[in-house]
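Enquirer: Dropping a structure here in structure tokens format, bear with me for questions.
The values are calculated or read from the model by the stated rules, or taken from the named source; none is laboratory data. Since we're looking at a predicted model, the values are computed, not measured. Glycine gets a Cβ as well: all are built from the backbone with ideal geometry, and neighbour counts include every protein chain shown. Accessible surface is based on the protein model in full, side chains and every heavy atom, while ligands, DNA and RNA are left aside. Shrake-Rupley method; radii C 1.70, N 1.55, O 1.52, S 1.80 Å.
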Amino acid sequence: MKVRDIMSREVIRVDIHTPIMAALDIMKENKIKRLPVTKNGKFTGLVTRAMIRDASPSAATSLSIYELNYLISKMTVADIMVKDPVTVSPDLPVEEAIWLGRQRGIGAFPVMENNELVGIITASDITAVVSKALGLDDKDSKRITVDSSGKRFGYLKQLIDVLDAHGVPLLSILSVPKSKNGDWHLILRVKAKDAAATAEDLKEKGFNVIEVT
């Protein structure tokens, strides 16, 4: 899956001369946390709610309320925005965008193609698609956790055979390392109102089922 498959294409943006409080009102009205900033129609920066909050004068300042209001009214997004923020290509795999976000501590990426802003992808977009991919959105899904320590080839096929015998569809399977020694847990998300019988059959076949939720 690529960034273009889940990015928001209709991006609300503001001009570089937009007052910061006007930008904040736009974000509140549209229930978003960030706005791309343009100059002469070209993407040039990014402003967030947190930036506006941090730029607002502290209550401990010696300025009067009138001076504070005047100061804030003169500030534009150009004064506080991140210039040339990290961007991604629409063809970047989603997992690489996740890795990049973790490495840089970034919660959203403007998406650029041919020097044009074509979308934006946020942590919420990624969370939504990961949730769906893992089958978490299915109200009838259950999770079976299997300790796979020491297991080798053929193990997964045997497990799938048990699910097939019970007519239980596999929504997702996730391998989670539990140590540095090559041991891992398999987390199965299956479509079943009750996975107890399937779990018991797995145990009878020699699988170390440690949890069913």
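Enquirer: For H17 and K132, FRET efficiency with R0 = 41 Å and r from the beta-carbon atoms, rounded to 0.05?
Expert: Calculated transfer efficiency: 0.55.
Enquirer: Residue by residue, what Karplus-based ³J(HN,Hα) values in Hz, rounded to whole numbers, does the range 114-128 have, using 6.51, -1.76 and 1.60 with θ = phi - 60° and x for Gly and Pro?
Expert: 6, 6, 10, 6, 10, x, 8, 10, 10, 4, 5, 4, 5, 4, 5
Enquirer: At a 1.4 Å probe radius, carbon and sulfur cover how many percent of the accessible area of the chain?
Expert: Looking at the chain in its full context, I get 52 percent from C and S.
Enquirer: Okay, moving on. From the phi angles alone, apply the Karplus equation (6.51, -1.76, 1.60; θ = phi - 60°) to the range 2-10 and give each ³J(HN,Hα) in whole Hz, x where the residue is Gly or Pro.
Expert: Result, rounded to whole Hz: 9, 4, 4, 6, 10, 5, 7, 8, 8.
Enquirer: Tell me, what HN-Hα J-couplings in whole Hz come from the Karplus equation 6.51 cos²θ - 1.76 cosθ + 1.60 at θ = phi - 60° for each residue of the range 189-202, using x for Gly and Pro?
Expert: Taking θ as phi minus 60°, the curve returns 10, 10, 8, 6, 6, 9, 9, 4, 5, 5, 5, 5, 5, 4 Hz for the range 189-202.
Enquirer: Accessible area of H185, 1.4 Å probe, to the nearest 10 Å²?
Expert: 50
Enquirer: How many Å² of accessible area per residue for the chain, probe 1.4 Å?
Expert: Per-residue accessible area for the chain comes out at 61 Å².
Enquirer: Expressed as a rounded percentage, what relative contact order does the chain have, with Cα pairs under 8 Å and six or more residues apart?
Expert: Working: 321 pairs, mean separation 40.2, N = 213.
Relative contact order here is 19 percent.
Enquirer: I would also like to ask the following. Just reorder L134, L163 by solvent-accessible area, largest first, 1.4 Å probe, all chains present.
Expert: The ranking, largest first, comes out as L134, L163.
Enquirer: Rounded to the nearest 500 deg cm²/dmol, what is the calculated helix-only ellipticity per residue at 222 nm for the chain, with -39500 (n - 2.57) per DSSP H run of length n ≥ 4?
Expert: Working: 9 runs with 78 residues, N = 213.
So the helix-based figure for the chain works out to -10000 deg cm²/dmol.
Enquirer: Residues with amide H under 5 Å of S149's amide H, sequence separation 5 or more or different chain, H placed in the peptide plane at 1.01 Å from N; which?
Expert: Sorted by chain and number, the residues that satisfy this are W184.
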